Amino acid sequence: MIMGALLASSCMDMELLPNDKTVDEDFWKSKSDVSLMVDGAMQQFASNPVQQRLMVWGDFRSDELQPNSGVSASNSTMIALNQIYEVNIETTNMFSNWASIYTVINYCNIVLAKAPGVMDIDPAYTEGDYLTDRSQMLALRALCYFYLVRTFRDVPYTTTAYMTSSQNMVIPQLPPTEVLERCISDLQEAEKNALSAQMTGWKRVGLITKDAIQTILADIYLWRGSVLHSDADYQACVDYCDKVIASKKSQQASDGTIQKLDYPMTLGGAAFTDLYGNGNSEESILEVQYNYNNYSSGNSDTWNALAQLYYSNTSNGSGAPFLQATMNFGSLKSSSTGDATDAIYLNQYDARYWNNCVGVGSGTATSFNVGKFTSTQAYYTGGTPPSKGSSAFITPRPFNQYSQNFLIYRLADVLLMKAEALVAQVNNAPEEADEETATANSEKLKAALELVNQVYKRSLDESQWSAALYGEGLARDASRMENLVLQERMRELCFEGKRWFDLLRYNYRHQDTPCSYSTMLADQGSYMKNYQTFLDIVGSKYDNGSARTNKMKEEPRLYLPIPHTDIITCKPWLRQNPMYTDEN
C-alpha cells in the first residue's frame with residue numbers, strides 16, 4: 001500500500017528531481033545561487049542523454065542515418081537503435097525515455113519559482129538580473145517542450161517546480177496545439193527581456209539571446225503552419241526570420257570573404273572549419289557548448305553524444321560510431337543530368353558533398369562515416385575537386401579532445417525556414433487567384449529561390465557561381481520549389497537534428513485537410529494517412545523500404561511511444577500512443 005501511494009504521487013521519472021543542495025533552505029540566498037541553477041539548466045540540456053536524443057529524434061528516423069553494422073547488435077544502445085530502424089519500437093526503448101528532457105524543464109521551473117525571492121535577500125541580484133534569467137529559462141523550457149511535441153505528440157505539460165519526491169507529480173497530458181500555444185506565449189514573454197545578440201565570445205551563441213528566441217518562434221510557427229495549413233503561422237515564421245536576418249546583418253563583420261555574400265556566412269570549404277571545427281561562428285545562433293579541458297581522456301567517451309554516435313565510442317567494444325550516413329550521400333549527379341529538386345548533390349564543386357561524410361568519392365560504399373563534427377578541418381576547401389574515384393578522408397580530432405559544440409540553430413537554417421514558409425504560402429493559396437495575388441505568389445517564389453541560392457552559393461567554389469546556381473525556371477513551379485527547399489535543407493543541415501522534423505512538416509502539408517492536432521491520439525477513432533511520397537523518402541535508406549514504411553502508414557507511427565514506466569504508474573492520467581501496447 002505504501003509503495004502504491006508513492007507510485008501514484010510520482011508519475012514522472014525521479015531523474016527530474018534536482019540535487020538536494022539546490023532546494024535546501026540555505027540555498028537561494030544570493031545572486032550566485034541563481035546563476036548556479038541557471039547554469040545547471042544549460043548543463044542539463046548539454047548532458048549526454050539529452051544530446052543523444054536530439055540527434056536520434058531529429059535525424060536517425062529520417063533517410064540520413066542508419067545503424068553501424070560494425071557495432072555489436074547485443075550492445076544496449078544498438079538494440080534500441082535497431083528497434084527504431086526496423087520500425088519495431090518497444091515502449092521500453094531507451095530513446096523513448098523523456099526523463100532527461102523533463103529534468104531540464106524542471107530546472108527551468110525551479111529557477112522561475114525561486115529566483116524572485118532572491119531579490120529580497122541579495123541586493124546584488126537586481127530586477128534586471130532576474131528578468132534576464134527568467135527570459136533564459138522560459139525560452140529553454142519552450143524549446144524542450146517543442147522537441148517533446150515533435151517526438152511524442154501528446155505530452156505532459158507542467159510549469160510546477162518539483163523539489164522533493166513527496167510532491168504529487170501527476171502531470172496532465174495535453175494535445176500538441178495547447179502545448180505549442182503555451183510555448184509561443186512563453187517565448188514572446190522571454191523576448192521582452194532577452195539578452196542582446198551583440199555580445200562577444202561564446203555567450204553570444206551559448207546563451208539564449210533574442211536572436212535565438214526569435215528563431216525558435218520561427219521554427220514553431222513553421223511547424224504549426226505545416227500541421228494546421230495556416231497562412232497566418234507561415235507569415236509569422238517569415239516575420240520572425242526577417243527579424244533574425246536583420247539582426248545578423250547588423251552584426252556582420254567586415255571580413256572580406258563573408259562580404260562576398262548577401263548574408264554573414266563563411267564561404268565554401270572554410271565554412272566546415274568555421275562551423276564544425278572552431279565553433280561559435282558568426283553565422284551561429286545557438287550552440288550547445290562543450291570544453292574538453294573539463295574532462296580527462298579516461299572518461300571522455302561518456303560525455304559527448306557527438307563522439308558516441310558519430311565518431312567513436314570505446315565503451316561499445318568496437319571503437320566504431322553507433323550511426324553512419326546512408327548511401328544517399330554518395331550520390332553525385334552532374335548539373336546537366338540531375339534535377340535540383342530531387343538529387344542529393346548536383347555539382348562536384350559543392351564542398352558539402354566532400355565534407356559532410358567521409359569517403360564519398362569511392363562510389364562503391366553503402367554507408368559512410370559522418371564527417372560533420374568529427375574533424376577540425378575540411379577535406380575539400382575549393383578549387384579543383386578530388387577525382388571521383390579517389391577516397392576522400394577527413395582526419396578526425398583526437399578522441400580525448402572531442403569538444404565540438406552541437407548546433408541547434410544557425411543563419412542558413414533561418415534562411416531556409418523563410419524560404420520554406422514562402423513556398424508553403426503559395427501552395428496553401430487558392431488555386432484560382434486574381435492578378436494581384438498571382439503576382440504576390442510569383443514574388444514569394446522568386447524570394448525563396450534567392451534564399452536557397454544564397455545557401456547553395458556559399459558552398460560552391462567561386463568559379464561556379466555564374467553557371468551552377470539554381471535557375472529561375474524553378475521559381476515558376478511551387479511544387480518543385482518545395483522539393484528544392486527540402487533537399488537543400490538536407491544538403492546543408494544533415495546530421496544537425498533537423499531532417500526528420502523537416503520530413504514531418506512536408507508530410508503534414510500534403511494532407512487534404514489539417515490533422516486533428518487539438519485532439520489527443522487516444523481520443524481519435526481513425527487516423528490520418530501519411531503521404532506516400534514522404535514514406536518513399538524515408539524508405540530510401542532501406543534495401544526494402546516498403547516493408548518498413550508499411551508500418552508507418554498512419555500518423556501515430558510518426559511518434560515514439562510514451563515511456564512504459566510512466567504509463568504503468570500514471571494510469572489513467574497518461575495514455576499511450578494507440579500504435580503501441582503496454583503490458584503489465
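Considering each of ASP413, ASP461, ASP502 in turn, give the residue that is under 29 Å from VAL358 (Cβ atoms) and open to solvent by 30 Å² or more (accessible area, probe 1.4 Å). Write out each step before concluding.
Numbers: ASP413 fails: open to solvent by 30 Å² or more (accessible area, probe 1.4 Å); ASP502 fails: open to solvent by 30 Å² or more (accessible area, probe 1.4 Å).
Matching residue, one of ASP413, ASP461, ASP502: ASP461.
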In segment 342-366, anything among the β-branched types (Val, Ile, Thr), outside any loop (DSSP other than H, G, I, E, B) and modelled with pLDDT of 85 or more is listed as none
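Residue by residue, here is whether (1) closer than 28 Å to LYS498 by Cα; (2) modelled with pLDDT under 95; (3) among the hydrophobic types (A, V, I, L, M, F, W, C); (4) outside any helix (DSSP H, G or I) holds:
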| site | (1), (2), (3), (4) |
| --- | --- |
| ALA419 | yes, no, yes, no |
| GLN425 | yes, no, no, no |
| PRO430 | no, yes, no, yes |
| ALA433 | no, yes, yes, yes |
| GLU436 | no, yes, no, no |
| THR439 | no, yes, no, no |
| GLU443 | yes, no, no, no |
| LEU449 | yes, no, yes, no |
| VAL455 | yes, no, yes, no |
Output for Cβ contacts, cut-off 6 Å, separation at least six or different chains, first residue among the polar types (S, T, N, Q) in segment 450-465, second open to solvent by less than 10 Å² (accessible area, probe 1.4 Å), reads SER459/ASP350; SER459/ALA351
Per the list (1) aromatic (Phe, Trp, Tyr); (2) modelled with pLDDT under 90; (3) assigned to a helix (DSSP H, G or I), residue check on TRP465 breaks on (2)
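Could you check segment 159-190 and list, in sequence order, the residues that are modelled with pLDDT of 95 or more and assigned to a loop (DSSP other than H, G, I, E, B)?
THR159, PRO175
Tally the residues that are more than 16 Å from SER62 (Cβ to Cβ) and assigned to a loop (DSSP other than H, G, I, E, B), restricting the search to segment 485-534.
Taking segment 485-534 as the starting set, the residues that turn out to be more than 16 Å from SER62 (Cβ to Cβ) are 509-529, 532.
Within this subset, residues satisfying the condition of being assigned to a loop (DSSP other than H, G, I, E, B) are 510-520, 524-528.
The qualifying residues number 16.
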ALA218: passes all of (1) in contact with a Cys (Cβ under 6 Å, 6 or more places away or on another chain); (2) farther than 15 Å from ASP502 by Cα; (3) small (Gly, Ala, Ser) but (2)
Scanning segment 41-76 for residues that are closer than 22 Å to THR103 by Cβ, open to solvent by 10 Å² or more (accessible area, probe 1.4 Å) and among the small types (Gly, Ala, Ser) gives ALA46, SER47, SER76
A careful count of residues in segment 538-584 that are free of Cβ contacts under 8 Å to residues at least 40 places away in the same chain, out of contact with any helix residue (DSSP H, G or I) (no Cβ under 8 Å at 6 or more places or on another chain) and of a type in the set (Phe, Trp, Tyr) gives 0
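Considering each of GLY497, GLY545, GLY525 in turn, give the residue that is within 25 Å of LEU323 (Cα to Cα) and either modelled with pLDDT of 95 or more or surrounded by fewer than 16 Cβ atoms within 10 Å (Cβ to Cβ) (or both). I'd like the intermediate steps shown before the answer.
Details: GLY545 fails: either modelled with pLDDT of 95 or more or surrounded by fewer than 16 Cβ atoms within 10 Å (Cβ to Cβ) (or both); GLY525 fails: within 25 Å of LEU323 (Cα to Cα).
It is GLY497.
Checking the condition crowded, with 17+ Cβ neighbours inside 10 Å, at pLDDT 95 or above and touching a Ser or Thr at 6+ places or on another chain (Cβ under 8 Å), which residue from ALA212, ALA194 passes? First the steps, then the outcome.
On the way: ALA212 fails: touching a Ser or Thr at 6+ places or on another chain (Cβ under 8 Å).
Of the residues listed, the single one that is crowded, with 17+ Cβ neighbours inside 10 Å, at pLDDT 95 or above and touching a Ser or Thr at 6+ places or on another chain (Cβ under 8 Å) is ALA194.
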On the basis of being surrounded by 17 or more Cβ atoms within 10 Å (Cβ to Cβ), at pLDDT 95 or above and over 30 Å from ARG575 (Cβ atoms), does ALA115 make the cut? yes
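Counting only residues that are at pLDDT 80 or above and surrounded by fewer than 24 Cβ atoms within 10 Å (Cβ to Cβ), which one in segment 324-341 is nearest to SER69 (Cα to Cα)?
Quick first cut of segment 324-341, residues at pLDDT 80 or above only: 324-332.
Those still in the list that are surrounded by fewer than 24 Cβ atoms within 10 Å (Cβ to Cβ) too: 326-328, 330-332.
Values: THR326: 12, MET327: 14, ASN328: 17, GLY330: 18, SER331: 21, LEU332: 24 Å.
The residue in question is THR326.
The values are calculated or read from the model by the stated rules, or taken from the named source; none is laboratory data. For clarity, every value in this text was computed on a predicted model and none was experimentally measured. Reconstructed Cβ throughout: ideal geometry from the backbone, glycine too, with neighbour counts over all protein chains shown. Keep in mind that these areas ignore ligands, DNA and RNA; they rest on the heavy atoms of the full protein, side chains included. Shrake-Rupley method; radii C 1.70, N 1.55, O 1.52, S 1.80 Å.
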